[in-house]
Every structure is written in structure tokens, then in C-alpha cells.
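The values are calculated or read from the model by the stated rules, or taken from the named source; none is laboratory data. Nothing here was measured: the structure is a model prediction, and the numbers come from that model. Note that we place each Cβ from the backbone using ideal geometry, even for glycine, and neighbour counts take in every protein chain shown. When the accessible area is computed, the model is the full protein with side chains, heavy atoms only, and any ligands, DNA or RNA have been set aside. Shrake-Rupley method; radii C 1.70, N 1.55, O 1.52, S 1.80 Å.
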Amino acid sequence: MDQKHVVGELDLDQTLFAEDQIVGRLREMAAEIETDYDGKDILLVGVLKGAVMVMADLARSLNRHVEMDWMAVSSYGSGTTSSGVVRILKDLDTDLTGRHVIIVEDIIDTGLTLSWLVTNLKSRGPASVEIATLLRKPDALEMVVDVKYVGFDIPNAFVVGYGLDYNEKYRNLRCIGTLAPHVYS
Ligand code: IMP
């Protein structure tokens, strides 16, 4: 859906990125990945559910073979703050031994989920583990985990759209926007 389909609800404060900006940036990230992984197999690991759109557009922008697998972890309840508790809801089907893994994320907020995930995946004997995220919030800049590919750094606001939800809504919004505080306060 487009912004016009939710604009009547006054839910979206501001559009941060239009669909073509997002897809354009993912193409640039894909080009970087192609150069960095020349001659190496890649396994993209998407983090459900938020990374579904990012995975779809990033993977299709790569002009080479890639494998894709998915993990589901829970780190958030239904609110807008991180709980810090990470639980595997769905594990990978793929053996990571000797694999070059790129974790595909929608957003890094506190970085708690990701630093836990990197440690977990590294314990499975991969050749390498890197991170590609579409969005990164300022708090994540202090995170100990290195993020190799970042789409956009954004202000510290709650954003929705392009896979990102609030209470499971807005994932199918084409653009990314900030949620009006009245929706969650
Ligand atoms: P972290 O552990 O704080 O980095 O949070 C990571 C996860 O929280 C993301 O994968 C999202 O699912 C969710 N999240 C963090 N910030 C936002 C936001 O602004 N909008 C929607 N989901 C978010």
C-alpha cells in the first residue's frame, strides 16, 4: 500500500524514504557486496519478519547467485522499546560450516538483537559473518558489532513501512515513515 492509504488515519508523521530511494540504495549496497564477495559463495540470512522486503530487493539487485535462509527471533514485545531478551523462534535450515554469511536486517536500534545473533551464528563455524541493514539508529553507533553495509542512518524515532511494523501493521507500506506519537503513546 501507499502512503495515501493510511494518510486519513494521520498515523504517519513524515515520510523518510520513498520506495525508489530505498530500492536505489539497496542496489548500491548490492554492488558493494558483489565486489567484496567476488569468487565467494554467499548465504543471506534474513531476520523475520521485518527483513522480508529488504531481502527481496537486495537479493534481486545482486547480479550473481546467492542462497537465502531465514531466522525468526523475538526481541520486542508489542511496544516500541527493546526488551533485550532474544529467543529463537525459527532457526536456520542451513549448516553454516565454512559459509560466508551476510545477515540481512531491516533496522538496528539498540543493537541487542544483532550482537546476540552474530555471536550465535559465529559459534556455528562459518567462514565469515557480516551484517547488511537498511536502517540504523544513533544508539546502534555505540554497538560493539561492526556493521559492514548500512543503507541509511536515521534519527531516533519509531519508523514503519517496508517490512517494519507497529503491532503487525504497516509492514506492507511501500515507503518508510515515522509513526505519529499519538499512535503509540
Ligand atoms: P534492537 O535489538 O534494539 O537493535 O532492535 C532490533 C529489532 O527491533 C528490529 O529488527 C525491529 O524488528 C525492531 N525495531 C527497532 N526499531 C524499530 C522501529 O523504529 N520500527 C519498527 N521496528 C523496530
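Less than 5 angstrom separates the built amide H of L12 from those of A180, all sequence-distant by 5 or more or on a different chain.
Residues whose amide H falls under 5 Å from that of I131, counting only those 5 or more places apart or on a different chain, are I103, K148, Y149, with hydrogens built in the peptide plane.
How large is the convex hull of the Cα atoms of the chain per residue, expressed in Å³ as a whole number?
Cα-based convex hull of the chain, divided per residue, equals 108 Å³.
Solvent exposure of Y37, expressed as accessible area, is near 10 Å², computed with a probe of 1.4 Å over the protein chains only. Accessible surface for S74 stands near 30 Å², nearest 10, in the context of the full protein assembly shown (1.4 Å probe). Axis angle, to the nearest 10 degrees, between helix 19-36 and the longest C-alpha principal axis of the chain: 10 degrees. What is the angle, in °, between the Cα long axis of helix 52-61 and the longest principal axis of the Cα atoms in the chain? Nearest 10 is fine, range 0 to 90. For 52-61 against the chain, the angle is about 60 degrees. When the solvent-accessible area of the chain is split by element, carbon and sulfur atoms take up 49 percent of it, the probe being 1.4 Å. Per-residue 3J(HN,Hα) values for the stretch 164-174, derived from phi via the Karplus relation 6.51 cos²θ - 1.76 cosθ + 1.60 with θ = phi - 60°, read 7, 10, 10, 6, 6, 9, 6, 4, 8, 6, 5 Hz in sequence order (x marks Gly and Pro). Computed over protein heavy atoms with a 1.4 angstrom probe, the accessible surface ordering of D69, D41, D93, D57, largest first, is D93, D41, D57, D69. On C-alpha positions alone, give me the angle between the axis of helix 112-122 and the longest principal axis of the chain, in degrees, nearest 10. In the chain, helix 112-122 runs at an angle near 20 degrees to the longest axis. Note on the chain: dipole from Cβ charges, positive end direction compared against I88, L141, M55; the farthest Cα belongs to I88. For the chain, modelled as a GNM whose springs connect Cα atoms under 10 angstrom apart, the maximal fluctuation among L121, L89, L164 occurs at L89. Here the Karplus curve 6.51 cos²θ - 1.76 cosθ + 1.60, taken at θ = phi - 60°, turns the phi angles of the stretch 131-136 into couplings of 10, 10, 10, 6, 10, 9 Hz, with x standing for Gly and Pro. The Cα-based radius of gyration of the stretch 97-146, divided by its Kirkwood radius, gives an Rg/Rh of 0.98. Note on the chain: helix-only mean residue ellipticity at 222 nm, from DSSP H runs of 4+ residues weighted -39500 (n - 2.57) and normalised by residue number, equals -7000 deg cm²/dmol. Say we join alpha carbon atoms closer than 10 Å with springs in a Gaussian network model of the chain; which of T110, T133, T119 then has the biggest fluctuation? Highest fluctuation of the listed residues: T119. With all protein chains kept in place, the per residue accessible area of the chain amounts to 49 square angstrom at a probe of 1.4 angstrom.
How much of the DSSP bridge set in the chain is antiparallel, in percent, rounded to the nearest 5?
The antiparallel fraction comes to roughly 35 percent.
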